Amino acid sequence: MNTDQIKNKLEGMRKDLEARQTRIAKHTRHRDEPLSADFAEQATELENGETLVALDREIQDEITRIEQALRRLEDGTYRTCARCGGDIAQKRLEAIPHASQCIDCASKD
Ligand SMILES: [Zn+2]
């Protein structure tokens, strides 16, 4: 993949994630409406809300990683491992376009 193809892929991923965030935001806003009287139902609504918040945070993290990858693409360090300075394998970047570490460093976490 060349730089433009990688950039397109990353931007496409970001767009998908942002669309998911918008959907989640709609759900979360829905919770501002008065909770139903039935307690069991309230508990379920609360649980769903918390799951959505956690999901939203995960999506935000991923968007941040994608934006960092786009910046690394700009400054020419995209293929360099952020931890050891070695090369990130092409195969790895094809599987995870926003990977910032080589497979060796990533498996140390
Ligand atoms: Zn490394």
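For this structure, a couple of remarks:
- Residues of segment 95-109 satisfying the condition of being within 15 Å of the ligand (Cβ to nearest atom), assigned to a helix (DSSP H, G or I) and closer than 21 Å to Asn2 by Cα: Ile103
- Residue count for segment 65-94 satisfying the condition of being in a helix (DSSP H, G or I), away from the ligand (no atom under 16 Å from the Cβ) and surrounded by fewer than 12 Cβ atoms within 10 Å (Cβ to Cβ): 3.
- Verdict on Ala40 being at pLDDT below 90, aliphatic (A, V, I, L, M) and either under 14 Å from the mean Cα position of the chain (by Cα) or loosely packed, with under 11 Cβ neighbours inside 10 Å (or both): yes
The values are calculated or read from the model by the stated rules, or taken from the named source; none is laboratory data. Everything numeric here is computed off the predicted structure, so don't read it as measured data. Note: ideal-geometry Cβ built from the backbone for every residue, glycine included; neighbour counts use all protein chains shown.
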